[in-house]
Amino acid sequence: MCRIVGYIGYNQATPILLNGLGRLEYRGYDSAGVAVFGDKGIVKARSEGKLVNLKKKTESTDVSGTVGIGHTRWATHGEPNETNCHPHSSMNGKFVVVHNGIIENYDVIKKQLLKNGVKFLSETDTEVVPQLLEYYYDGDVLEAIRKVTNELTGSYALGILCADCPDIIFAARKSSPLIVAKGENENFIASDISAILDYTKTYTTLNDGDIVELKKDSVKLFDKDLNEKEINFTVTDLDLSAVMKNGYEHFMLKEINEQPEKVKGLFDSYVSDGKVDIPELEKLSDCLENCEKIYAVACGSAYHTSIAGKYVIEQFSRIGVETDIASEFRYRSPILNEKTPVIIISQSGETADSIAALRMAKEHSAPVIGIVNVVGSTIYRESDCVLYTKAGPEIAVATTKGYATQLMMFYLIALYLAQKKGTLTAQEIAQYCAELETIPEKAERLVKNTAQIEKYSDRYKSSKNFFFIGRNTDYAAAMEASLKVKEISYISSDAYASGELKHGTIALIDKGTPVISFCANKRLFDKAWSNAEEVVARGAEVICVVSQKDEEKIKEGYGKIVLEDICDEFSTMLEVIAMQIFAYYIAKGNGCDIDKPKNLAKSVTVE
Ligand code: G6P
């Protein structure tokens, strides 16, 4: 997705912009550009493809100057070529703009401007912004921004340069992330703090409608009507090491290895003396205790955690859970009211469809619980209660520690609800807490001893199609495992509920088709085993993901990945970690760009 960085200070802007864009590179993009205010006015350098191309461009273009804005673009309107690349300029060069988001009414504005003789160069929605700014500008930039932002519909984070103001960067935000950060005699804008951790940790997150005037030694914040607002800066506790590989070959591997510590952190925050205490949920405790149904809504892997969460919440607390993909939820007519809590799960807190689902829930007075990993993100700010997953910045596009911490949060919520409703005894809760407490050490041994998994990644890395099958909590694991393989190794794969396979999909099983059968849920082992035998009878090669307790039951000739025993309700956690490793080594064996898979973006801020 598009990302923005802006710098104003005493240092050369271009190296800082390139460095900042580099820190955001993992989020996925297909072209990049900068615009810098120098002696000859605003000069742009833009290029297709990766940042190294832009860097070369900046070496052959005079982009010297201490004020500048930069952008990485993930194409939505128009091909990823240089003409469509940001920054975009107005016809007479008065305004230069970088943008993240989508201007939904760009077509209407463009037609109007064309009628007025304005000439457009690109196919982008963004170009209407500098053009409209120039159209309204009469010497007062802030007033022009006010008029333009009043007219735009859709989402935007904007960085703006005006040729008449060589010592100012302007910015505005609605529904796309943007922060303002303060250094010593230098200031920044950025899509997120990780872009500028090399320079400062002091920042503030802009709210919808905010407009900013940034000079090297001052920051002014206005609301959408240009009333000046107070700014409250905070200092992030992230340090640079959180966004560096620290010796790992890939961020994904680093993040896989961080999982034991991160899930332990969450456990320690909410469990003591065999009881679960989630103070953040207290203000909704009446609603949660008395509701009959909870919605859990998300996209991608976050949606898969909700499926695993559903099994456990329903079993422990006897509250029904309806899971929904956010992009579907927002266009159906779910029965929402003040008695139907909605859990929105999002690592980034900025996924456009999840935000839309959240807002829809709130419009219907449904209380919203956000499970989020980014403090200050839109979902973090707009939820009624926030459960912060504390995984730290996740850089690899394919989520790992984001998933594991969301899942841990679901386990904790399930136990919390059971405790509140009395659907489990205190002794049972304490036993489940004791089981949960073992996850970090078991996960630690799993991520440190990957040989049994790597063997299968190597054997099957050239396969054309994988099947992942399981029942109940094992099915939740199958769905996430299948996504992991697709995302990073580009191998087609399907996840099926084991019992459903024979209703059609089994027709696709041929000699040598690899089928990963999840059987770590011991209660359902025998059922899972019969389904594994069914596919073997049709020529499949099965790898069973099994707990130590059932290991002996796996027949000779079947592959197996053995996990340490854990209660059935929590087995998804170890299964998924094993499959992250499986997918990682397949992708590595195939030479894929593991941290930045093609066509994907870390945080999908467009619909
Ligand atoms: C993208 C990422 C996925 C992620 C999904 C939801 O597609 O590539 O890994 O699961 O977005 O993201 P969120 O930030 O809302 O959890």
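The values are calculated or read from the model by the stated rules, or taken from the named source; none is laboratory data. Keep in mind that what you see is a predicted model, and the values were worked out from it rather than measured. Cβ sites come from the backbone with ideal geometry, for glycine too, and all protein chains shown count toward neighbours. Surface accessibility is based on the protein's heavy atoms, side chains included, excluding ligands, DNA and RNA. Shrake-Rupley method; radii C 1.70, N 1.55, O 1.52, S 1.80 Å.
Quick notes
- Amide hydrogen neighbours beyond the local backbone of Thr323, cut-off 5 Å, H modeled: Ala296
- If a spin label sat at a point 7 angstrom from the Cα of Asn105 along the line to its beta carbon, the backbone N atoms of segment 141-161 nearer than 11 Å would be those of 148-154.
- Taking 17 Å as the straight-line reach from the Cα of Lys262, the lysines in range (excluding those fewer than 8 positions away in the same chain) are Lys245, Lys254, Lys390, Lys401, Lys442, Lys448.
- Dividing the C-alpha radius of gyration of segment 1-137 by 2.2 N^0.38 Å, with N its residue count, gives 1.01.
- Largest to smallest accessible area among Arg3, Arg27 [probe 1.4 Å]: Arg27, Arg3
- Set of aspartates and glutamates near Lys115 by C-alpha distance (under 16 Å), chain-local residues within fewer than 8 positions excluded: Asp107, Glu127, Glu134
- Estimated FRET transfer efficiency (Tyr136, Glu79; beta-carbon r; R0 22 Å; 0.05): 0.15
- Cα-Cα P(r), segment 449-596, percent of pairs per 10 Å interval: 13, 47, 35, 6
- Listed peptides 87-100, 431-444, 476-489, 383-396 by packing density, highest first (mean Cβ within 10 Å): 476-489, 87-100, 383-396, 431-444
- Each DSSP beta bridge with both residues in the chain is either parallel or antiparallel, and the antiparallel ones are about 60%.
- Unit Cα scatterers, Debye sum, the chain: log10 I(q)/I(0) for q = 0.05 Å⁻¹: -0.23
- Of the DSSP H helices in the chain, those whose Cα atoms cover at least 20 Å axially and whose Kyte score averages 0.5 or more: 571-589
- The Cα-based radius of gyration and maximum Cα-Cα distance (Dmax) for segment 268-315 are 12.8, 35 Å.
- Where only DSSP H runs of four or more residues are counted, the chain gives -11500 deg cm²/dmol as its mean residue ellipticity at 222 nm, each run worth -39500 (n - 2.57).
- Packing-based ranking of 275-282, 210-217 yields 210-217, 275-282, ordered from highest to lowest mean Cβ neighbour count within 10 Å.
- Computed over segment 3-241: relative contact order in percent, which uses C-alpha pairs under 8 Å that are six or more apart: 19 percent
- The stretch between Glu441 and Asn232 holds 71.2 nm of extra length on full extension. This uses 0.36 nm per residue minus the Cα-Cα distance.
- Listed pairs Lys50/Lys464; Lys174/Lys283; Lys229/Lys596; Lys275/Lys549 exceeding 32 Å between Cα atoms: Lys229/Lys596
- In the assembled protein chains, Lys182 presents an accessible area of approximately 90 Å² (probe radius 1.4 Å).
- For segment 140-268, relative contact order (Cα pairs under 8 Å, six or more residues apart, normalised by length) works out to 19 percent.
- For segment 566-598 versus segment 291-327, the gap between their alpha-carbon centres in whole angstrom: 22 Å
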